[in-house]
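Only one structure is covered here, and it is reproduced in the block below.
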Amino acid sequence: MRRFIVTAATLAFALVGGTAYAHPKLVSANPPADGVVASPTKITLQFSEKLVPAFSKADVVMAAMPGMAAMKMASSSAVAPDGKTLVITPSSRLPRGRYTVNWNVVSGDTHKINGHLAFAVK
């Protein structure tokens, strides 16, 4: 019986600990990865965990083209009221081209997670 209790307690702590300290994972994005869309007024990245707003942000970069270097586009980013969605708002209309959203987020486990999402504007 004692072995059962110790095993059950160990399993319970392992499950709770894994859930409490999970890294945020990108669950969905709009526009979707590698999507081709009209110029978006906002870009949303939904994560699996609640984000720490002060340490979660993103930038939009227009890909290099012949005669033009890659260019960071003016935008702002903020965590939505649900706590799991990062909303990136371009300051002006994105012209036709390829873009990468480079994001950095932090959740309750305090580990910084980086990623990127590519899409194109038609």
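Selection of first residues in the range 90-104 that are farther than 11 Å from Met62 by Cα and of second residues that are in a loop (DSSP other than H, G, I, E, B), restricted to Cβ pairs under 6 Å at least 6 apart or on distinct chains, gives the following pairs, ordered by first then second residue: Ser91/Ala74; Arg93/Ser39.
Is the range 83-105 home to any residue that is within 19 Å of Gln46 (Cβ to Cβ), of a type in the set (Gly, Ala, Ser) and outside any strand (DSSP E or B)? Spell out how you get there, then give the answer.
Pass one, the range 83-105, residues within 19 Å of Gln46 (Cβ to Cβ): 83-90, 99-105.
Now narrow it down to the ones that are of a type in the set (Gly, Ala, Ser): 83.
Filter again for outside any strand (DSSP E or B), leaving 83.
Checking the range 83-105: at least one residue is within 19 Å of Gln46 (Cβ to Cβ), of a type in the set (Gly, Ala, Ser) and outside any strand (DSSP E or B).
All conditions but one from (1) within 19 Å of Val36 (Cβ to Cβ); (2) modelled with pLDDT under 95; (3) not basic (Lys, Arg) apply to Leu94; the one that does not is (2). Which of the residues that make up the range 91-107 are more than 16 Å from Lys122 (Cα to Cα) and surrounded by 17 or more Cβ atoms within 10 Å (Cβ to Cβ)? If the condition is that a residue be more than 16 Å from Lys122 (Cα to Cα) and surrounded by 17 or more Cβ atoms within 10 Å (Cβ to Cβ), then Val101, Trp103, Val105, Val106, Ser107 are the ones that fit. Within the range 58-78, being surrounded by 19 or more Cβ atoms within 10 Å (Cβ to Cβ) and either farther than 17 Å from Arg93 by Cβ or of a type in the set (Asp, Glu) (or both) holds for Ala58, Ser77. Filtered by the rule that a residue be modelled with pLDDT of 95 or more, more than 14 Å from Thr85 (Cβ to Cβ) and among the polar types (S, T, N, Q), the range 1-51 gives Ser39, Thr41.
Taking the listed residues Thr89, Thr85, Thr110, the one that is among the polar types (S, T, N, Q) and more than 20 Å from Ala22 (Cβ to Cβ) is Thr89, with no other qualifying.
Per this entry, Ala22 is counted among residues that are among the hydrophobic types (A, V, I, L, M, F, W, C), surrounded by fewer than 17 Cβ atoms within 10 Å (Cβ to Cβ) and assigned to a loop (DSSP other than H, G, I, E, B).
When the residues of the range 25-57 are narrowed to those that are of a type in the set (Val, Ile, Thr) and part of a loop (DSSP other than H, G, I, E, B), which ends up nearest to the chain's Cα centre (by Cα)? Spell out how you get there, then give the answer.
Step one: of the range 25-57, the residues of a type in the set (Val, Ile, Thr) are 27, 36-37, 41, 43-44, 52.
From what is left, the residues that are part of a loop (DSSP other than H, G, I, E, B) are 41, 52.
Values: Thr41: 17, Val52: 12 Å.
Top of the filtered list is Val52.
Just the residues that are free of Cβ contacts under 8 Å to residues at least 12 places away in the same chain and not in a strand (DSSP E or B), please, taken from the range 70-81. Lay out the reasoning, then the answer.
Of the residues in the range 70-81, the ones free of Cβ contacts under 8 Å to residues at least 12 places away in the same chain are 70-71, 81.
Hits for the range 70-81 are Ala70, Pro81.
The values are calculated or read from the model by the stated rules, or taken from the named source; none is laboratory data. What you are looking at is a predicted structure, and each value in this text was computed from that prediction instead of being measured. Positions of Cβ are generated from backbone atoms using ideal geometry, with glycine treated the same way; all protein chains shown enter the neighbour counts.
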